[in-house]
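Inspection log for the structure reproduced underneath, given as structure tokens.
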Amino acid sequence: MELRSTGLPVEGVTALPGDNDDYETLPAGASPVTHMLAGAVAGVLEHTVMYPVDSVKTRMQSLQPDPKAQYKGVGEALKRMVRTEGLLTPLRGINVTMLGAGPAHALYFACYEKMKTTIGGMINHAGNSHVANGVAGSLATLLHDAVMNPAEVVKQRMQMYNSPYRNMLDCIRTVTKTEGVGAFYRSYTTQLTMNIPFQAIHFITYEFTQERLNPQRQYHPGTHIVSGAIAGAVAAAATTPLDVCKTLLNTQEYVVVSSAHVNGHLSGMVNAFRTVYQLGGVAGYFKGVQARIIYQMPSTAIAWSVYEFFKYFLTQHHL
């Protein structure tokens with residue numbers, strides 16, 4: 001789920017009319033802190049467990065990579081990164097991801113729960129409202145990405161081959177000094193454009209798979225893992241073109257920007273799309289799609305299984 005790279009599944013979104021209310025919703029007395037903690041844990045696990053594959057994906061999305069950073073596959077890329085650049089190279093930038101994912105997903109859940117209730121009340125909808133869930137999820141994504149986007153910029157710049165940054169703080173200081181604070185939000189609109197359809201495809205696929213594997217909607221870890229993995233793969237493949245553009249805006253690859261004859265820094269989703277097509281054609285939009293799918297499948301499976309467990313545990317504890 002780049003549930004937000006990422007988006008996280010949230011309780012309420014999975015509820016369907018007629019589902020078992022005792023299971024599908026958290027106890028009415030559950031505090032915002034409960035939602036925030038559950039979301040933060042799921043978010044950190046989602047983004048860190050498969051982080052080395054995310055590093056490979058970032059490099060494979062490069063439009064004009066260094067000859068030493070051209071890989072045939074995910075496994076071969078990881079081996080070469082470790083052998084030629086050091087054991088910890090695939091983990092460069094993981095600290096900023098952990099720092100960003102926790103607060104971003106915690107705020108997402110708090111915002112989602114609040115807006116879902118508020119919007120549901122405004123439209124006078126009794127019970128679960130898909131309209132309220134959808135609008136609340138979109139608004140929560142705005143907040144989530146506002147927090148996570150700067151972390152994404154730092155992370156992806158540190159993941160690139162021959163990254164000039166010594167560490168997270170050096171990257172933040174250098175980017176701020178040379179490009180300004182706005183550099184951390186250069187890909188914000190692209191990130192939102194990617195996350196909204198990603199979430200829609202992701203949730204629809206998860207629900208569709210759950211209806212067939214777990215029609216009684218009971219707590220069943222196996223079905224949550226399988227459904228989450230399938231949902232993540234489908235959503236990741238469909239939104240790869242947007243992810244490639246986001247990576248280009250975040251990394252500002254010098255060779256690419258020079259080849260495209262861009263004065264200064266590349267900005268804007270339209271310019272990013274034009275540049276990707278100019279240098280890579282249609283195939284350029286799907287660079288790194290294999291790595292993105294391999295990353296998203298276990299990531300979304302982890303996020304769904306962790307959050308479904310919290311829902312089940314808290315509900316049973318309440319009962």
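The values are calculated or read from the model by the stated rules, or taken from the named source; none is laboratory data. Here the structure is a predicted model, which means the values were calculated and not measured. We place every Cβ from the backbone using ideal geometry, glycine too, and count neighbours over all the protein chains shown. When the accessible area is computed, the model is the full protein with side chains, heavy atoms only, and any ligands, DNA or RNA have been set aside. Shrake-Rupley method; radii C 1.70, N 1.55, O 1.52, S 1.80 Å.
Convex hull volume per residue, computed on the Cα atoms of the chain, equals 130 Å³.
A 1.4 Å probe over all protein chains sorts Lys68, Lys246, Lys116 by accessible area into Lys68, Lys116, Lys246, starting with the largest. Counting only Cα atoms, segment 185-235 measures 43, 16, 15 Å along its principal axes, largest extent leading. Its DSSP H runs of at least 4 residues, each contributing -39,500 (n - 2.57), put the calculated 222 nm mean residue ellipticity of the chain at -23500 deg cm²/dmol, to the nearest 500.
Which of the listed residues, Val289, Tyr112, Thr251, is farthest toward the dipole's positive end in the chain, when Lys, Arg count +1 and Asp, Glu count -1 at the beta-carbon? With unit charges placed on the Cβ atoms, the residue in question is Thr251.
Per-residue surface analysis assigns Met168 an accessible area of about 30 Å², computed on protein heavy atoms at 1.4 Å probe radius. Approximating the spin labels as points 7 Å out from Cα along Cα→Cβ, the Thr178-to-Asn214 distance works out to 4.7 nm. Panel note: the C-alpha atoms of segment 34-98, placed on their principal axes, show extents of 48, 24, 19 Å (largest first). Since only His220, Thr240, Ile204 are under comparison, the one whose Cα sits farthest along the positive direction of the charge dipole of segment 158-249, derived from C-beta charges on Lys, Arg, Asp and Glu, is Thr240.
The ellipsoid that matches the Cα gyration tensor of segment 266-308 has semi-axes, each √(5λ) in whole angstrom, of 31, 13, 5, with the longest given first. A 1.4 Å probe run over the protein chains yields, for segment 238-319, 44 Å² of accessible area per residue, whole-number rounding. Starting from a Cα-only point model with no solvent, please compute log10 I(q)/I(0) by Debye for segment 64-177 at q = 0.15, 0.16 1/Å. Results for segment 64-177 at q = 0.15, 0.16 Å⁻¹ read -0.76, -0.81. Remark: segment 133-216 projects, on average over all directions, an area of 7.7 nm² (convex hull of Cα atoms).
Here segment 170-304 is described by how far its Cα atoms reach on the three principal axes: 57, 34, 20 Å, from widest to narrowest.
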